[in-house]
Amino acid sequence: MRLKIPALLLLFFIFSNCTENKKQEFTLPSTITWSEHIAPVIFKNCSPCHRPGEAGPFTLLSYADVVKNINKIKFVTQTKFMPPWPADPNYVHFADERVLSENDIALIKKWAEDKMPRGDSLKEPAAPIFYSGSFFGKPDMVIKIQKPVQLKGNGTDAFLMIKYPFQIPEEKFVQYVEFVPDQRKLIHHVNGHLLSYDPNRKFNYFAGESSLADARDNFKDAYQKMGLTYTDDKKPELPSLLPNVVYYLPGYHPPVYNEDIGGFKLPKNGVFFFKNVHYGPSKEDCLDSSYLNVFFRKSPPKRPVFETQMGTFGISKIEPELIIPPNEIKTFHTQVTIQSDISILSVNPHMHLIGKKILAYALPPQGDTIKLVKINKWDFRWQYYYTYNNPVKIPKGSTIHVYGTYDNTAKNPFNPFHPPRQIDQGVGNESMQTTEEMFQFIFTYMPYKDGDEKISLRNNFD
Ligand code: HEC
């Protein structure tokens, strides 16, 4: 056994590639200080979430904040638990990737061991200033909930329909909408549509219930109770609907593209309507006052963005059927062939608690595999829309393959059942319990145009 280790190490050195060599190369400065080395790393990679009103459990906005939490910080950066970025950066890089370099990780470790010198206060960068109430900055319009949603502390999932009515003096164009969760720990999934009312007809959409338990099969009554239907007796009874304009999942922020991409028209009279807001189980009664931040754009949309969903509720079948027997680790597959050239902008893999790994790529009719995303350690808490640095061209005739692996053993700390029991998709309605599973791969795209590969999708929030 003794001889084996050096032999393995030798193999490692022979086969290690450039990036691994680079890892060994950096040299740390002899004195590492907060002002010169550490503050810039923390402010860029940690403060956006670790500040009041955002997801982080404590603030990381000052020297004192960091000193206070240094042991934890050292641990979570060494283990790469923070910043949370489940996608494998060695497979694909994304536009707003938040991954510390090996150099940054080593800097933090050594600085902690050297008792955290502060350094020259003149060189200390100012703490970033954030707009409170939004991840992005001051929104052009905030739409509050009409009445807080009452959640019961009965330990079961809740599924609700919620409306956010608004009226504006003139039509606008929207670039993106940010859903800001109030009960951050409970909200699992939000998907909102835009209802636009014809000004020549009668309506009273501010009236009625502002939220209702998900109607499942009886939507007609529910829409009436929520005041969403027109109040005259002309057809159609419901206003026109633009689907999927607002999203939220744990850890999610909307992708922000430049003015050339995406956007939609906002009518004078409208409602953002959420048909199926999923709250996880709560032990205590509580109120939720989540709200919407709307960011306008100056010009009408040039290139609308579309979205497709593979797997659960999507256009492609899961094979085999998504049933994960107890004490098994099992992999599933889904695939779709693309019928015309498209440019993919972002992808969103989705699984629930016992998801373990996900891999997606496209095989074009000719040429190399197009890598889409790889997650080696799925974490229910971080379900991003991963936006590419540049649109990814998927030529006509390519097949997108997605593989998802689930771990239904007792060893999986996220397994909701002890002992493990069979987990599947439940009874086939849209209200999926957290303890059931999903296998979904969503991608946003636009029809391909020459030069798309050169468009930068990086936003200004780096
Ligand atoms: C995308 C938002 C986000 C970013 C970016 C982020 N954090 Fe966190 N952090 C969180 C959330 C949310 C939690 C709570 C996680 C939980 O309890 O599951 C957390 C937890 C932690 C914890 C506590 C872990 C524990 O179990 O006690 C530490 C320490 C931490 N973060 C440090 C950092 C550092 C250092 C950075 C930057 C290098 C960072 N975080 C970047 C959101 C973030």
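So the values come out like this:
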| quantity | calculated |
| --- | --- |
| Segment 106-130: number of residues that are within 24 Å of Arg458 (Cα to Cα) and either polar (S, T, N, Q) or surrounded by 14 or more Cβ atoms within 10 Å (Cβ to Cβ) (or both) | 2 |
| Filtered residues of segment 194-208 (kept if among the small types (Gly, Ala, Ser) and under 17 Å from Met161 (Cα atoms)) | Ala207, Gly208 |
| Check on His333, in a loop (DSSP other than H, G, I, E, B), within 21 Å of Asp88 (Cβ to Cβ) and either at pLDDT below 95 or touching a strand residue (DSSP E or B) at 6+ places or on another chain (Cβ under 7 Å) (or both) | no |
| Residues located in segment 77-92, provided they are under 17 Å from the mean Cα position of the chain (by Cα), away from the ligand (no atom under 11 Å from the Cβ) and open to solvent by 30 Å² or more (accessible area, probe 1.4 Å) | Pro89 |
| Of all residues in segment 54-76 being within 7 Å of the ligand (Cβ to nearest atom) and aliphatic (A, V, I, L, M), the one that is surrounded by the most Cβ atoms within 10 Å (Cβ to Cβ) | Ile73 |
| Single condition Lys44 does not satisfy, out of (1) within 11 Å of the ligand (Cβ to nearest atom); (2) among the basic types (Lys, Arg); (3) free of Cβ contacts under 8 Å to residues at least 40 places away in the same chain | (3) |
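Per-residue answers, yes or no, for (1) open to solvent by 20 Å² or more (accessible area, probe 1.4 Å); (2) assigned to a loop (DSSP other than H, G, I, E, B); (3) at pLDDT 90 or above; (4) not aliphatic (A, V, I, L, M):
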position	(1), (2), (3), (4)
Arg216	yes, yes, no, yes
Lys220	yes, no, no, yes
Gly227	no, yes, yes, yes
Lys234	yes, yes, yes, yes
Glu237	yes, yes, yes, yes
Leu241	yes, no, yes, no
Asn244	yes, no, no, yes
Pro255	yes, yes, no, yes
Asn258	yes, yes, no, yes
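The values are calculated or read from the model by the stated rules, or taken from the named source; none is laboratory data. Since the structure is predicted, the reported quantities are computational estimates derived from the model, not experimental observations. Ideal geometry is used to build each Cβ from the backbone, glycine not excepted, and the neighbour counts take in all protein chains shown. Please note that ligands, DNA and RNA were not included when accessible areas were found on the heavy atoms of the full protein model with its side chains. Shrake-Rupley method; radii C 1.70, N 1.55, O 1.52, S 1.80 Å.
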